[in-house]
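Notes for the one structure printed next.
The values are calculated or read from the model by the stated rules, or taken from the named source; none is laboratory data. Fair warning: this is a prediction, and the values are worked out from it, not measured in the lab. Don't worry about glycine lacking a Cβ; one is built from the backbone with ideal geometry, like all the others, and counts go over all protein chains shown. Note: accessible area is taken over every heavy atom of the protein model, side chains too, but ligands, DNA and RNA are not part of it. Shrake-Rupley method; radii C 1.70, N 1.55, O 1.52, S 1.80 Å.
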Amino acid sequence: MPVQFKKFKWKEALSELAIPFLAIVIALILGAVIIEVCGLDAGLAYKALLKGSVMSKQAIGETIVKATPLIFTALAYALAKRCGMVNLGAEGQLYMGGLIGGLVALYVPMPSFLHIPACIIAGFIGGGLWGMLAAGLKIKFGASEMITTIMLNYVANNIVNYMVQSVILEPGGALPQTAKVWSTAMLPKIVQGTRINLGFVFAIIGIIFYYLFLWKTKPGYETRVVGLNAEAARYAGFNGNKRSLMAMFLAGGMAGVAGIVEIIGIQIRMYPNFSPGYGFDGIAAALLGKGTPIGLALGSFLFGVLRAGAHQMSISAKVPVAIIYIIQATVILFVIGSNYIDRIRKKMQIKRKAKEDN
């Protein structure tokens, strides 16, 4: 019997985003209250935030630059979640993707039309294998992927730091960094006067892949079924272990691409701790976007706005960057709370319907 793909409901997906974005408004209001309590001007602070993120071509460019890796790490969380896996390891997968792809960018010279794809593929494989490791530990030993992915973050970070400070340290360099990657590996800028590079195009392709894979292919359909009900999937003949390994490989691969895009698109060399927490912010963006393609993009853009505007807000309004983290945390708390309330509401509706049927 052929698989009947469930059509993606765009209107329903957009309506689900209403509550998360209401949470944003509440978080911004709370942030304004905190700023005023600290004796600072909330209006000036938010004007500076907008000035640094959306009020000019360069500001929008910086927002997109900050949002690009967040799109990939949000996809890393969302892809795993669709298969019932909780991937808290996007940060480590980002580091491993950056390392493996970075080695290709540093030590494997080739023409640009081959070098950039080779770096991206290497980064995807590096992050994918690191993500699949957590799935393998769960399948083989029953280890919780929430714990293993968090632990693997630290392992990956320390591996990269060791490599950068010793094995691949820039020859004769006094700083803990590698040499610059080959010019043929550098991502070209796509908007004049900004730092927006080809990585943003790859991020959009990633969102399109996420939608097409999950809602238009048989493996994606099976992945969603396994995530919704593993027992039902097993009864239907779907291989849950196979789908979990595949989902975590794809998820880790997306985070790995975030790492290599950051290196060959922005930093042009590797440093210790080269990620400012993109893996963790990506989780927040995915939660905010409710795991929908549009939601992931909008959630990533929002956190890109906050990251890009935080510096300007600190300079112009003397507001500590920590206020941005408070706003981010408040958004996440409201989104999680709304999800919990929504689950309770749905359970009550099911009970009410059952009583009516009886």
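Of all residues in segment 263-289, those that are of a type outside the set (A, V, I, L, M, F, W, C), within 13 Å of the chain's Cα centre (by Cα) and buried (at least 21 other Cβ atoms within 10 Å of the Cβ) total 6.
Only one of these is out of contact with any Phe, Trp or Tyr (no Cβ under 9 Å at 6 or more places or on another chain) and among the polar types (S, T, N, Q): GLN93, GLN58. Name it. Break it down stepwise before answering.
Numbers: GLN93 fails: out of contact with any Phe, Trp or Tyr (no Cβ under 9 Å at 6 or more places or on another chain).
None of the others qualify; the one that does is GLN58.
Of the numbered criteria (1) among the charged types (D, E, K, R); (2) closer than 24 Å to ASN241 by Cβ; (3) open to solvent by 50 Å² or more (accessible area, probe 1.4 Å), the one LYS47 fails is (2). When residues in segment 50-79 are screened for being open to solvent by less than 10 Å² (accessible area, probe 1.4 Å), among the β-branched types (Val, Ile, Thr) and in a loop (DSSP other than H, G, I, E, B), 0 of them pass. Scanning for something free of Cβ contacts under 8 Å to residues at least 24 places away in the same chain and either over 30 Å from LEU175 (Cα atoms) or of a type in the set (Lys, Arg) (or both), does segment 147-154 turn up at least one residue? Yes, segment 147-154 contains at least one residue that is free of Cβ contacts under 8 Å to residues at least 24 places away in the same chain and either over 30 Å from LEU175 (Cα atoms) or of a type in the set (Lys, Arg) (or both). If you go through segment 80-92 and keep only what is in a helix (DSSP H, G or I) and either of a type in the set (A, V, I, L, M, F, W, C) or under 11 Å from TYR278 (Cα atoms) (or both), you end up with ALA80, ALA90, GLU91, GLY92.
Just checking, which of VAL86, VAL54, VAL3 is under 29 Å from GLY253 (Cβ atoms) and at pLDDT 90 or above? Break it down into steps so the answer makes sense when it comes.
Working: VAL54 fails: under 29 Å from GLY253 (Cβ atoms); VAL3 fails: at pLDDT 90 or above.
None of the others qualify; the one that does is VAL86.
In this structure, is ILE205 within 27 Å of LEU114 (Cβ to Cβ) and surrounded by fewer than 20 Cβ atoms within 10 Å (Cβ to Cβ)?
The answer is yes for ILE205.
GLU222 - would you say it is open to solvent by 40 Å² or more (accessible area, probe 1.4 Å), closer than 24 Å to GLY291 by Cα and among the charged types (D, E, K, R)? Walk me through it before giving the result.
Working: open to solvent by 40 Å² or more (accessible area, probe 1.4 Å): no; closer than 24 Å to GLY291 by Cα: yes; among the charged types (D, E, K, R): yes.
No; evaluated as a whole, the condition is false for this residue.
Listed by first and then second residue, the pairs linking a residue in segment 194-210 that is among the basic types (Lys, Arg) to a residue that is buried (at least 19 other Cβ atoms within 10 Å of the Cβ) and modelled with pLDDT of 95 or more, with Cβ atoms under 6 Å apart and 6 or more places separating them unless they lie on different chains, are ARG195/GLY61; ARG195/VAL65. Residues in segment 293-304 that are open to solvent by 10 Å² or more (accessible area, probe 1.4 Å) and more than 24 Å from PRO320 (Cβ to Cβ): ILE294, ALA297, LEU298.
Counting only residues that are open to solvent by 80 Å² or more (accessible area, probe 1.4 Å) and part of a helix (DSSP H, G or I), how many does segment 175-201 have? Of the residues in segment 175-201, 1 are open to solvent by 80 Å² or more (accessible area, probe 1.4 Å) and part of a helix (DSSP H, G or I). Quick check on my filter: what residues within segment 226-260 are open to solvent by 20 Å² or more (accessible area, probe 1.4 Å), farther than 18 Å from VAL86 by Cβ and part of a helix (DSSP H, G or I)? Within segment 226-260, GLU231, ALA232, ARG234, TYR235, LYS242 meet the criteria. Determine, yes or no, whether GLN328 is modelled with pLDDT under 90 and touching an Asp or Glu at 6+ places or on another chain (Cβ under 9 Å). In short, yes. Scanning segment 135-174 for residues that are open to solvent by 20 Å² or more (accessible area, probe 1.4 Å), outside any helix (DSSP H, G or I), of a type in the set (A, V, I, L, M, F, W, C) and within 29 Å of PRO111 (Cα to Cα) yields one hit, LEU169. Take the conditions assigned to a helix (DSSP H, G or I) and under 25 Å from VAL33 (Cα atoms) and apply them to PHE301. Does it pass? The answer is yes for PHE301.
Collect the residues in segment 100-122 that are in a helix (DSSP H, G or I), open to solvent by 10 Å² or more (accessible area, probe 1.4 Å) and among the hydrophobic types (A, V, I, L, M, F, W, C), keeping them in residue-number order. If the condition is that a residue be in a helix (DSSP H, G or I), open to solvent by 10 Å² or more (accessible area, probe 1.4 Å) and among the hydrophobic types (A, V, I, L, M, F, W, C), then ILE100, LEU103, VAL104, LEU106, PHE113, LEU114, ILE116, ALA118, ILE120, ILE121, ALA122 are the ones that fit. Screening ARG345, ARG307, ARG352 for residues that are farther than 20 Å from GLY92 by Cα, among the basic types (Lys, Arg) and surrounded by 21 or more Cβ atoms within 10 Å (Cβ to Cβ) leaves exactly one candidate, ARG307.
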